[in-house]
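Trainee: Below is one structure. I have some questions about it.
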Amino acid sequence: MIESFRAIFAPPRDLILLAATLWIGLALAEKRSERHGVSKEALNNLVFYSLFGYLLGGRILFALANFSAFADSPLNIFSLNVDLFDPIGGVITAILVGVVYIKKTSQVSQTREVYWKTLDALTPIFAALAIGLHLSHLAAGRAFGSPTALPWGIDLWNATRHPTQIYELIVALVIFGVIWFRNSELSLGALFLNFVALTAGARLFLEAFRGDSTLIFGGFRLAQIAAWTVLMIVFIAGEQIQKD
């Protein structure tokens, strides 16, 4: 079954999974956006502009980082080759576009509150995209696990490995369920912070089964250090919101 799934959604067709979950997440977010004081129109505009920023920023930043290659064939910047893309740069650009959009469309005195309301409204999209990301990893063989002798191991990259993509998919589905069925009376920013905390906590545990971890400082997993950092930031942000 897994092999059939990987054959159907082999790269670059795995991007269909991300697009589908983005669409589902947006549809679900629209249903509850007004609970958070965000109109459907504003939510759709924000997602559209941010997505445009992600695609444009990721390609332009990749081209700038590999200027010599694009100097010989400048039209490659319009190529459909998904490998010619900087995903981290795209995410940063999308965040900047979103921040600017919110700032431009909200009252100066309420900008901070609008940011938290918007993040709460966007949380179903983030949770759905996490599911799509893990499905994409499963299809492409990315985020693979370490070798194992357990009976549920999968054959991948010349070894029997932990099916970490499936572990992460199951956890992402659980987190989505928790987020979707949370009490609507949560305080400002709590829905988003709960999602981030649950996701970071899951990363702390699941990273131990990964076979592609980046190690630093003599053996510490970079993803786990990042997860601890995120949890600390979430705790500080939550305390600050309660004080306000």
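Read the figures in this text as sums done on the coordinates, not as results from a lab. Keep in mind that what you see is a predicted model, and the values were worked out from it rather than measured. For neighbour counting, all protein chains shown are included, and Cβ atoms are generated from backbone atoms with ideal geometry for every residue, glycine included.
Trainee: Give the number of residues within the range 188-244 that are acidic (Asp, Glu) and over 30 Å from residue 159 (Cα atoms).
Mentor: Total satisfying the criteria: 2.
Trainee: Working only within the range 107-155, note down all residues that are among the acidic types (Asp, Glu) and surrounded by 21 or more Cβ atoms within 10 Å (Cβ to Cβ).
Mentor: Hit for the range 107-155 is 120, nothing else.
Trainee: Also: Would you mind telling me which numbered condition in (1) under 27 Å from residue 120 (Cβ atoms); (2) surrounded by fewer than 18 Cβ atoms within 10 Å (Cβ to Cβ); (3) without any contact (Cβ under 8 Å) to a residue 40 or more places away in the chain; (4) among the aliphatic types (A, V, I, L, M) residue 216 fails?
Mentor: The one condition residue 216 does not meet is (1).
Trainee: When the range 4-36 is examined, which residues are found to be free of Cβ contacts under 8 Å to residues at least 60 places away in the same chain and either surrounded by 15 or more Cβ atoms within 10 Å (Cβ to Cβ) or touching a strand residue (DSSP E or B) at 6+ places or on another chain (Cβ under 9 Å) (or both)?
Mentor: 16, 30
Trainee: Give me the pairs: first residue in the range 75-93 and touching a residue at least 40 places away in the same chain (Cβ under 8 Å) and farther than 19 Å from residue 53 by Cβ, second residue hydrophobic (A, V, I, L, M, F, W, C) and assigned to a loop (DSSP other than H, G, I, E, B), beta-carbon distance under 8 Å, and six or more apart or on different chains, which are they?
Mentor: Matching pairs, first to second residue: none at all.
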